[in-house]
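Notes for the one structure printed next.
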């Protein structure tokens, strides 16, 4: 339970109404007792009523301790914080004008506080709705920008991109714009660099390139040209990537030349 100083005052009429960190509306029984002008001692009055009418601690009321006069000296005061419903019932059983007056006051407080809470909830709901809409618009704009970039790339490199690459770009563009792949993405084929093929054949990547050029192996049967990053600059360059079957062809050529490394896949 919050300390008394941590409670927020939400009504300042006949008897203050407080709100704790859990948004429970509470009344200090001592302040209510003062308003009622009861002739009983406060401790006797509150204990007798809580016991007589079966109010439950931690549900209908809460107990907190605070130092007298805030100076930290002497025995701490016991404060009873009542829920609004509990306060209304205690006011009713007083059966006098003061009791009826404060009970009516608590009922009016409840109406006002519920109206305020409803208005705040409506504002928060509208605020959340607007935030969600802004995020959706930002996401849609981001997707459209990405799609436009891909379309520009496809247009710029259309003369060197393969049909598979163009299909992959088109598939991604539809996914970004429509939220679904209206064009099926192509299966990605495993291709190898000259160095990787050289490792399979026991020769260098440079040797693979020379053999491929001399024997016309840079054709669709054995691979394809793709865009790749230049090893010497950040620029994109066109390079040939090999299918795995070219390794067998290169071994045949090496055998014919008498230079087979004797290795197998």
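Laboratory data are not the source of any read-out in this text; all were calculated from the coordinates shown. Source: prediction; values computed, not measured. For neighbour counting, all protein chains shown are included, and Cβ atoms are generated from backbone atoms with ideal geometry for every residue, glycine included.
Observations, loosely collected:
- GNM on the chain, alpha-carbon springs under 10 angstrom: the most fluctuating residue among 146, 167, 236 is 236.
- Note on 211, 107: ascending count of other Cβ atoms within 10 Å places them as 107, 211, the fewest first.
- Peptides 59-65, 213-219 ordered by packing proxy, namely the average of other Cβ atoms within 10 Å per residue, highest first: 59-65, 213-219.
- Report summary: the helix-based calculation at 222 nm, which adds -39500 (n - 2.57) for every DSSP H run with n ≥ 4 and divides by the residues of the chain, gives -17500 deg cm²/dmol.
- Shape class of the stretch 4-125 from the Cα gyration tensor (axes a ≥ b ≥ c, square roots of the eigenvalues): oblate, since a/c reaches 1.5 or more and a/b does not exceed b/c.
- Percent of Cα-Cα distances greater than 20 Å, calculated over the stretch 194-257: 25 percent
- Modelled label reach - residue 252, point 7 Å along Cα→Cβ, the stretch 189-222 residues with backbone N closer than 17 Å: 201, 211-222
- At R0 = 35 Å, FRET efficiency that the Cβ-Cβ distance of residue 185 and residue 134 yields, to 0.05: 0.70
- Tilt relative to the chain, helix 245-257 - C-alpha long axis, 0 to 90 degrees, to 10: 30 degrees
- Viscosity 1.002 mPa s, 20 °C: Kirkwood-radius Stokes-Einstein D of the chain over Cα pairs, µm²/s: 80 µm²/s
- Between the helical axis of 163-178 and the longest alpha-carbon principal axis of the chain there is an angle of about 10 degrees.
- Separation of alpha-carbon centers, the stretch 186-228 and the stretch 5-46, rounded to whole Å: 86 Å
- The stretch 131-265 - Kirkwood radius from inverse mean 1/r over Cα pairs (Å): 17.5 Å
- The stretch 91-157: Rg to Rh, with Rh as the Kirkwood radius over Cα pairs: 1.66
- Angle in degrees between helix 205-214 and the longest Cα principal axis of the chain, rounded to the nearest 10: 50 degrees
- Contour minus Cα-Cα distance for residue 228 and residue 104 (0.36 nm per residue): 36.6 nm
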